[in-house]
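See structure below.
The values are calculated or read from the model by the stated rules, or taken from the named source; none is laboratory data. All values derive from a computational prediction rather than experimental measurement. All Cβ positions, glycine included, derive from the backbone under ideal geometry; neighbour counts span all protein chains shown.
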Amino acid sequence: MTDGIEAITQTSLSLALDAATLRHQVIANNIANSSAEGFIPMQVKFSAQMEEARRQLSEGRRLEQGHLAAMAESSTSLEPAPLAPGLTQQVRLDSEVAQMAQNAVHYQALLKGLSRHMGILSLAVADGKR
């Protein structure tokens with residue numbers, strides 16, 4: 001049973017880190033092309049998949065390995081950024097920079113969580129001895 005928990009935890013963290021890396025690249029691309037005429041800003045679709053996983057867990061349902069596989073497939077899905085009512089499709093630099101800062105904080109939190117997870121595993125392997 002712990003093998004399943006371990007695999008899901010590590011896979012989830014890995015997918016979230018990969019999605020955060022891709023999100024950072026997409027935001028940087030949006031900023032770099034902000035002055036290009038006809039450029040359509042993009043966004044990563046991974047957040048919706050993570051919300052679904054959180055909802056399943058909050059309802060007491062089990063997160064299956066198959067759901068993680070579907071998340072892995074969608075973690076590289078890009079879609080055009082949504083339009084605000086009455087606006088043309090263009091890059092809003094203030095919004096993109098704010099998203100980049102938020103993504104950087106999110107990435108750091110994921111790394112900290114992975115570090116703590118590995119620390120717990122290290123402690124378990126060492127039978128609690130340091």
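For the reader, a short list of remarks on this structure follows.
- Every residue from the range 4-44 that is in a helix (DSSP H, G or I), out of contact with any Ser or Thr (no Cβ under 9 Å at 6 or more places or on another chain) and modelled with pLDDT of 85 or more: Leu17, Ala20, Thr21, His24, Gln25, Val26, Ile27, Ala28, Asn29, Asn30, Ile31, Ala32
- Of all residue pairs spaced 6 or more apart or on separate chains, those with beta-carbon atoms under 9 Å, a first member in the range 99-110 that is assigned to a helix (DSSP H, G or I) and a second member that is among the hydroxyl-bearing types (Ser, Thr, Tyr) and surrounded by 12 or more Cβ atoms within 10 Å (Cβ to Cβ) are Tyr107/Thr21.
- The range 86-121 - residue that is among the polar types (S, T, N, Q) and surrounded by 12 or more Cβ atoms within 10 Å (Cβ to Cβ) and, of those, modelled with the lowest pLDDT: Gln89
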